[in-house]
Amino acid sequence: MYCADCGCLVERGVVLVPCEQAECCCRSLPTVAPMETMAVRIRTALNSRDMSAFRALIAEDAVWGEGGPDDPRTCHNRNDIISNYKRLLAEGARGTVTETTTGPLGVVCEVELDWPDDARDRRGPTIFQVFLVSDGLVARIVGADDHDAAVMAVSA
Ligand SMILES: [Zn+2]
Ligand SMILES: [Zn+2]
């Protein structure tokens, strides 16, 4: 639930996402680890299809995909990544983050996919996306085959 006075996202007396306002009234409450906050931010941005909130979490030179530099499916910067997400949304793909797991290197999102039947790169229904975080921003997004592999990817 969002604090009505300052905008912090607070759950059971713990601040999940701080408001970053000078006049924060929730300062005295306990907070979660920064990676937990990152997980909530990613989940909230993706599930509300808020591409500007999502964009704010991505490093400018972030990479999405495992392909080499010539692989057209690989995104090589934030603009690529955001336009790829927007393209998928425009094609009717709907992903919902149902669960997040954090590790020292980043955040794992379990995503339930809902594609229109005629989408050309249909996958799913459940995929694991690994968001590798560095300096507080997503530096790389990779897919993982299953939950164990995803958790391994964010473990040090
Ligand atoms: Zn606040
Ligand atoms: Zn507050």
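Throughout, read-outs are computed from the coordinates displayed, never taken from laboratory work. Everything quoted here is computed from the prediction, not taken from an experiment. For neighbour counting, all protein chains shown are included, and Cβ atoms are generated from backbone atoms with ideal geometry for every residue, glycine included.
For the reader, a short list of remarks on this structure follows.
- Qualifying trypsin sites (Lys or Arg not before Pro) in the stretch 1-67, where qualification requires a DSSP coil assignment and no more than 14 other C-beta atoms within 10 Å, comprise 12, 27, 49.
- Within the chain: Cβ-based charge dipole about Cα centre, in debye rounded to nearest 20 (Lys, Arg +1; Asp, Glu -1): 300 debye
- ³J(HN,Hα), Karplus 6.51/-1.76/1.60, whole Hz, each residue of the stretch 49-61, x for Gly, Pro: 6, 8, 6, 6, 5, 5, 4, 5, 9, 9, 5, 4, 9
- Largest-first principal axis extents of the Cα set of the stretch 64-112 (Å): 31, 29, 16
- Vicinal HN-Hα couplings computed from phi for the stretch 102-108 (Karplus, 6.51 cos²θ - 1.76 cosθ + 1.60; Hz; Gly/Pro x): 10, x, x, 9, x, 10, 9
- For residue 53, net neighbour charge (Lys/Arg +1, Asp/Glu -1) across residues whose Cβ lies under 15 Å away: +4
- In this rough spin-label picture, where each label sits 7 Å from Cα along the Cβ direction, the residue 135-residue 101 distance is 2.9 nm.
- Crossing angle, helix 78-90 versus the chain [Cα axis fit, 0-90 degrees, rounded to tens]: 70 degrees
- Applying a DSSP loop filter and a limit of 10 other Cβ atoms within 10 Å to the GluC sites (Glu not before Pro) in the stretch 13-47 leaves 20, 23.
- Calculated [222 nm] ellipticity per residue, helices only, for the chain: -7500 deg cm²/dmol; basis is -39500 (n - 2.57) per DSSP H run with n ≥ 4, divided by all residues, nearest 500.
- Look at the dipole of the chain built from charges on Cβ: of 151, 89, 28, the Cα furthest out on the positive end belongs to 28.
- Total formal charge among the other residues, if their Cβ is under 9 angstrom from that of residue 126, Lys/Arg +1 and Asp/Glu -1: -2
- Net length available on complete extension from residue 1 to residue 90 is 29.1 nm, with 0.36 nm assigned per residue and the Cα-Cα distance removed.
- Summarising the amide proton neighbourhood of residue 126: residues at separation of 5 or more, or on other chains, whose placed amide H is nearer than 5 Å comprise 113.
- q = 0.13, 0.17, 0.19 Å⁻¹, the chain: log10 I(q)/I(0) [Debye, one scatterer per Cα]: -0.63, -1.04, -1.25
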